[in-house]
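Read the structure below first, then the notes.
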Amino acid sequence: MSQPPTSLQIQNGTSSALGSPYINGPVQNISTSSQVPVSQGYNSQLTGPYPHLIPAKTALNPVSGQPNYGGSHMVSTLSNCQRPGQTLNRAPMASNPVTASFHSGPVPRMSPPPSQHPAATPMPSGSFLPGANPPPPLNWQYNYPSPGPQTNHCPHASSQPILSGNTDLITNHQRVSSGDPSLQNSYLKSGSAPPSVNPPLPTTFQPGTPLGPPPVAGPPPVRALTPQKSSHSTVPQPSFNSAINQEGGAPHTNNESMVTNNTYDEIEGGGFLATPQFTNKNPKMARSVGYSYPSLPPGYQNTTPPGTTGMPSSSLNYPSGPLAFSQTSLGANHLTASMRGLSLHPEGLRVINLLQERNMLPATPLQPPVPNLHEDIQKLNCNPELFRCTLTSIPQTQALLNKAKLPLGLLLHPFKDLAQLPVVTSSTIVRCHSCRTYINPFVSFLDQRRWKCNLCYRVNDVPEEFMYNPLTRVYGEPHRRPEVQNATIEFMAPSEYMLRPPQPPVYLFVFDVSHNAIETGYLDSVCQSLLDNLDLLPGNTRTKIGFITFDSTIHFYSLQEGLSQPQMLIVSDIEDVFIPMPENLLVNLNESKELVQDLLKSLPQMFTKTLETQSALGPALQAAFKLMSPTGGRMSVFQTQLPNLGVGALKPREEPNQRSSAKEIHLTPSTDFYKKLALDCSGQQVAVDLFLLSGQYSDLASLGCISRYSAGSVYYYPSYHHQHNPVQVQKLQKELHRYLTRKIGFEAVMRIRCTKGLSIHTFHGNFFVRSTDLLSLPNVNPDAGYAVQMSVEDNLIDTQLVSFQSALLYTSSKGERRIRVHTLCLPVVSTLNEVFLGADVQAISGLLANMAVDRCVTASLGDARDALVNAVIDSLSAYRSLVLSNQQPGLMVPFSLRLFPLFVLALLKQKSFQTGTNVRLDERIFAMCQVKNQPLVYLMLTTHPSLYRVDNLSDEGALNINDKTIPQPPILQLSVEKLSRDGAFLLDAGSVMMLWVGKNCGQNFLSHVLGVQSYVSIPQTMTELPELDTPESARTVAFISWLREQRPFFPILYIIRDESPVRANFLQHMVEDRSESALSYYEFLLHIQQQVNK
């Protein structure tokens, strides 16, 4: 079998050997970010808890390196962001440029690429290595950085490396794939630490223990560690995190924020970030978590705020409350015997010929595979909606993983809204002294006084306080504590996890008020939504709010208490922006609420007669950053056109006749201004959310950088107009309500750890990577997802189980410092067949989509499409040649991958990756932003929509939720073959829904559901179902409402007749039919078979 030319290499998003930039997602400027000396960035060695107070010219410690930028992340350097006549309060970085080389195993280092532009760099389709042209890899595996010597511009701030789950940082180079590649220089050598933002704190984390280095005792003799591998002791790094609520904030509520954004590497101590906990399926045990014991040293509270939308119930058993289990049945050293004899469901052993059994789509939503674990362990495992691995059976060796040609990675939804979340308040947070892992259900208790870490295998003492369990009021049962009974848990962080008082919730709104903006009418909707939700903004008595508007000048609004009405202050010098009266522009919401309401009522009328057509977005963002940098917070920016004045001005780049070209489309930023400003924002704990409401090309590839690298989000409303496009008005209002009232976490950081022998090397999402494995999240929200790619660095031959732990340290909107921890446990397998049996096809497809976005930016759209196809060919070829004993004709696939070709075909037809002239450039970029930032469940719904027949809904098999009956019609294949002219079919594509009504649809549905007398009387622009007093109407409306309630965005509903203009859009979602962009499903299967059987 010949090796296909393209496959998604794990090297997705890494830099070439000579510093070709790694690009995070679709928005990255190659030309400016690759070869410029690092003269700007975040001073991670600031000397006090408030870095914004440091003079702009403060020199950095000469040995400190620049920070890493999140995103699909590689090393590259940024040019100085300082503009003439302006100082942005940023300390200069060391000037030596960073060039990191990445190569995996046999792939040689490459000579300098001929061009810094990714599209100009020849790249084999089989490599995800931007800017390099290595020979086609022998496996679908991502290329891992080689353990060879690296140019390492890291500060030697500590003699102990900061490790996160991997003990050997020389080989564990992180590529971050969703924030930004540039400045990803923290490839720590043993003996170096990432730059700290504040003076290092003592390394001990246990309150009451003397300060000093962490214990150096080695792990138990169960497994010898090499010197490099045993350097798990991590120096806690200071973060600009807040202290616990200084004002006695109430316990966690629905409005509470759940994120922290500081470089708290020394505070979090190299530990993993927390993960959310699942709803408890054990009612008997659940009640005990809901009580607090104020008289006892540690208190346990259950945060189930009334009215919180809970996580949809899962058919799998992933409890979240404390569950009783015998101590001896848990832990890696007790599992060998208990795991013997386990076998996967017999269905999983089936081999399927897809050419004969094409219709493998289940009629109910696809469930993630259940890991092949003992039931005592699996019942404690993390909910897959929060933490999910592409392979639920981890291969023993990298060689075995290479043979499978499947990507190994994690998909996280760490801050998801949870119906039930155990919260622990204790002066002692028990963590491994070596790798800083939080104690979790998968550690082993050697006896009552000692526990063994499930990540680095070190034996730790059980603190005296941990011996008492207030839930059972029994002493001597540490294994029954909530921390050891819940894979998702939240800790109230003690003062050791803070470097400054918690920041107040700060919300700044920046509005485009040019003529184009006023013409759309968006300001009325946004101001009305703000008025309606002002009292629901997450926060407390310290909440601050402010407003800026701009056209060719910048307008500030003084809302000082005591004024009779808001005062507008105009700054016309956009070349050197300054803040007039800074103390009155961000005001306490409670104290100035009436002025804020007056301003929101008058703003829409203030600019109705403006003739100003220019847009100085860049200077307005600079002003907003200066205003917010002393505190941090959330900046919400509303823009309606291409910025055309001042710094950050952009020029039109879209050429409609070149939309179909796979190489010439502009997916990279045209300027690095927005990226560098985003990094400034991240350094001061400011996240920027961009709302783009534009009918014209606005260069989202450039503008989106402001959100990507500051851990913000992008919202896109094409052709928004209050009269011509009223459905967009409804969508904006619904999504603004969610945006303004959902939980939020401030000044957050997240770290992911994994068992010794595994390493994480690439991140995807919106963030900035502050050190090798520490993600900086100025804001964290419950609707954001992240992904990481991994490799097997050391053989796991002596290991039966591996664990992954994420820890998210954040400040809630109530001013509390919290740590949310999620821990996932998976088995290790030694045969290729077991690896395939445990494959999670949805997680694999989601990770490949993230990698393909990076490939689009670093190489070309065509390369990304080829790599997606080759991912299927490679893995199925490996299965055919290495697993199947008898070679049969047809396309033979394991049951676990029966939908793999279908999902990849759906990706090829998704807006991010489809070819053809019908996708506008901003729409494509927005789709790529969604791939990078959406949790897996929403990404999959957007990629492969659900199709239901709804003209015959019944109560059979229906759900009963809050006394409402929700029908559950079967899911149909996405093909016109499944449509019939005598029915009505609902297509749920995530952000949009379409109800197609056939010409011969029954009169019962027309009159009882649509409220019309005949087919021809269905309005062409119908976008709502009437609520009629009929059982048919009640069922249909209940079903559509139920679908809408399960997601954080609002899908518009279009009712479509055969001759409707939207019909073509509906047919485009028929993934299994031939389209302009790709083959039909059957043709695609034939193509795959031809390649596999070569």
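The values are calculated or read from the model by the stated rules, or taken from the named source; none is laboratory data. What you see is a predicted model; the values in this text were computed from it and never measured. Methodologically, a virtual Cβ is constructed for each residue, glycine included, from the backbone with ideal geometry; neighbour enumeration extends over all protein chains shown. Areas reflect the complete protein model, heavy atoms only, side chains present, ligands, DNA and RNA absent. Shrake-Rupley method; radii C 1.70, N 1.55, O 1.52, S 1.80 Å.
Condition test on Pro502, is it closer than 14 Å to Ser636 by Cβ and not β-branched (Val, Ile, Thr)? For Pro502, the condition - closer than 14 Å to Ser636 by Cβ and not β-branched (Val, Ile, Thr) - is not met. Would you mention how many residues in region 542-575 are touching a residue at least 40 places away in the same chain (Cβ under 8 Å), under 25 Å from Leu642 (Cα atoms) and open to solvent by 60 Å² or more (accessible area, probe 1.4 Å)? Residues meeting the conditions: 1. Screening Glu490 against (1) acidic (Asp, Glu); (2) under 28 Å from the mean Cα position of the chain (by Cα); (3) assigned to a helix (DSSP H, G or I) leaves a single unmet condition, (3). Every listed requirement among (1) closer than 19 Å to Ala927 by Cα; (2) among the charged types (D, E, K, R); (3) in contact (Cβ under 8 Å) with a residue 24 or more places away in the chain is met by Lys676 save one, (1).
Condition check ((1) more than 18 Å from Asp955 (Cβ to Cβ); (2) out of contact with any helix residue (DSSP H, G or I) (no Cβ under 6 Å at 6 or more places or on another chain); (3) modelled with pLDDT of 95 or more) across all residues:
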{"position": "Val1009", "(1), (2), (3)": "no, no, yes"}
{"position": "Thr1023", "(1), (2), (3)": "yes, no, no"}
{"position": "Ser1033", "(1), (2), (3)": "no, no, yes"}
{"position": "Ala1038", "(1), (2), (3)": "no, yes, yes"}
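Whether a residue is in a helix (DSSP H, G or I), over 30 Å from Leu740 (Cβ atoms) and of a type in the set (Gly, Ala, Ser) was assessed, and Ser1041 does not pass this test.
In this structure, does Leu774 turn out to be more than 23 Å from Asn486 (Cα to Cα) and open to solvent by less than 10 Å² (accessible area, probe 1.4 Å)? Step through it out loud before you land on a result.
Numbers: more than 23 Å from Asn486 (Cα to Cα): yes; open to solvent by less than 10 Å² (accessible area, probe 1.4 Å): yes.
Yes; evaluated as a whole, the condition is true for this residue.
Please go through region 417-438 and pick out each residue that is of a type in the set (S, T, N, Q), more than 16 Å from Gln805 (Cβ to Cβ) and assigned to a loop (DSSP other than H, G, I, E, B).
Matches in region 417-438: Gln420, Ser426, Ser427, Thr428.
Among residues of region 940-958 being touching a Phe, Trp or Tyr at 6+ places or on another chain (Cβ under 8 Å) and not in a loop (DSSP other than H, G, I, E, B), the one that is surrounded by the fewest Cβ atoms within 10 Å (Cβ to Cβ) is Arg949.
Just one of the listed residues (Leu373, Leu380, Leu400) is within 21 Å of Ala843 (Cβ to Cβ), open to solvent by less than 30 Å² (accessible area, probe 1.4 Å), not in a loop (DSSP other than H, G, I, E, B) and not polar (S, T, N, Q), and it is Leu400. In region 419-466, of all residues being of a type in the set (Gly, Ala, Ser) and more than 16 Å from Gln485 (Cβ to Cβ), the one that is most open to solvent (accessible area, probe 1.4 Å) corresponds to Ser427. Across region 910-951, the number of residues qualifying as over 24 Å from Cys705 (Cβ atoms) and at pLDDT below 95 comes to 4.
One line per residue, one yes/no per condition, for (1) touching a Phe, Trp or Tyr at 6+ places or on another chain (Cβ under 9 Å); (2) in contact (Cβ under 8 Å) with a residue 40 or more places away in the chain; (3) over 30 Å from Leu386 (Cβ atoms):
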| position | (1), (2), (3) |
| --- | --- |
| Tyr879 | yes, yes, no |
| Gln888 | no, yes, yes |
| Leu891 | no, yes, yes |
| Arg898 | no, yes, no |
| Lys909 | no, yes, no |
| Asp922 | yes, yes, yes |
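Would you confirm whether any residue within region 939-951 is at positive phi and more than 27 Å from the chain's Cα centre (by Cα)? No, that holds for no residue.
For Ser1007, the conditions (1) in contact with a Lys or Arg (Cβ under 9 Å, 6 or more places away or on another chain); (2) of a type in the set (Ser, Thr, Tyr); (3) under 30 Å from Asp963 (Cα atoms) all hold with the exception of (1).
For Arg1057, only one of the following conditions fails: (1) within 16 Å of Leu979 (Cβ to Cβ); (2) under 32 Å from the mean Cα position of the chain (by Cα); (3) open to solvent by less than 60 Å² (accessible area, probe 1.4 Å). What is its number? Exception for Arg1057: condition (2).
Could you say which residue among Lys593, Lys601 is closer than 23 Å to Pro504 by Cα, at pLDDT 95 or above and surrounded by fewer than 18 Cβ atoms within 10 Å (Cβ to Cβ)? Break it down into steps so the answer makes sense when it comes.
On the way: Lys601 fails: closer than 23 Å to Pro504 by Cα.
Selected residue: Lys593, the only one of Lys593, Lys601 that is closer than 23 Å to Pro504 by Cα, at pLDDT 95 or above and surrounded by fewer than 18 Cβ atoms within 10 Å (Cβ to Cβ).
Those strands (runs of 3 or more DSSP E) of region 800-898 in which at least 2 residues are touching a Ser or Thr at 6+ places or on another chain (Cβ under 7 Å) and crowded, with 23+ Cβ neighbours inside 10 Å, considering only elements entirely within it, cover 801-811, 817-829. Can you find even one residue in region 915-925 that is out of contact with any Ser or Thr (no Cβ under 7 Å at 6 or more places or on another chain), in a helix (DSSP H, G or I) and crowded, with 24+ Cβ neighbours inside 10 Å? Yes, region 915-925 contains a residue that is out of contact with any Ser or Thr (no Cβ under 7 Å at 6 or more places or on another chain), in a helix (DSSP H, G or I) and crowded, with 24+ Cβ neighbours inside 10 Å.
Would you check if there is a residue in region 672-683 being assigned to a loop (DSSP other than H, G, I, E, B) and of a type in the set (D, E, K, R)? Break it down stepwise before answering.
Applying the first criterion (assigned to a loop (DSSP other than H, G, I, E, B)) to region 672-683 yields 672.
Subset that is of a type in the set (D, E, K, R): 672.
So far as region 672-683 goes, yes, one or more of its residues are assigned to a loop (DSSP other than H, G, I, E, B) and of a type in the set (D, E, K, R).
Of the listed requirements (1) farther than 30 Å from Arg634 by Cβ; (2) open to solvent by 10 Å² or more (accessible area, probe 1.4 Å); (3) among the acidic types (Asp, Glu), Glu483 misses just one: (2). Restricting region 1044-1054 to residues that are closer than 23 Å to Pro718 by Cβ and not in a helix (DSSP H, G or I) leaves a set whose member that is most open to solvent (accessible area, probe 1.4 Å) is Tyr1054. The residue list Leu373, Leu391, Leu361, Leu386 contains one member that is under 28 Å from Asp417 (Cβ atoms) and touching a His at 6+ places or on another chain (Cβ under 9 Å), which is Leu386. I need the full set of residues from region 978-1031 which are part of a helix (DSSP H, G or I) and in contact (Cβ under 8 Å) with a residue 24 or more places away in the chain, in order please. Once the filter is applied, which keeps residues that are part of a helix (DSSP H, G or I) and in contact (Cβ under 8 Å) with a residue 24 or more places away in the chain, region 978-1031 yields Lys978, Asn1004, Phe1005, His1008, Val1009, Leu1010, Tyr1015. With respect to the conditions (1) in contact with a Leu (Cβ under 9 Å, 6 or more places away or on another chain); (2) at pLDDT 95 or above, Leu1079 lacks only one, and its number is (2). Can you confirm whether Thr397 is among the hydroxyl-bearing types (Ser, Thr, Tyr), more than 16 Å from Thr755 (Cα to Cα) and in contact with a strand residue (DSSP E or B) (Cβ under 8 Å, 6 or more places away or on another chain)? For Thr397, the condition - among the hydroxyl-bearing types (Ser, Thr, Tyr), more than 16 Å from Thr755 (Cα to Cα) and in contact with a strand residue (DSSP E or B) (Cβ under 8 Å, 6 or more places away or on another chain) - is not met.
All of (1) at pLDDT 95 or above; (2) open to solvent by 30 Å² or more (accessible area, probe 1.4 Å) hold for Thr390 with one exception: (2).
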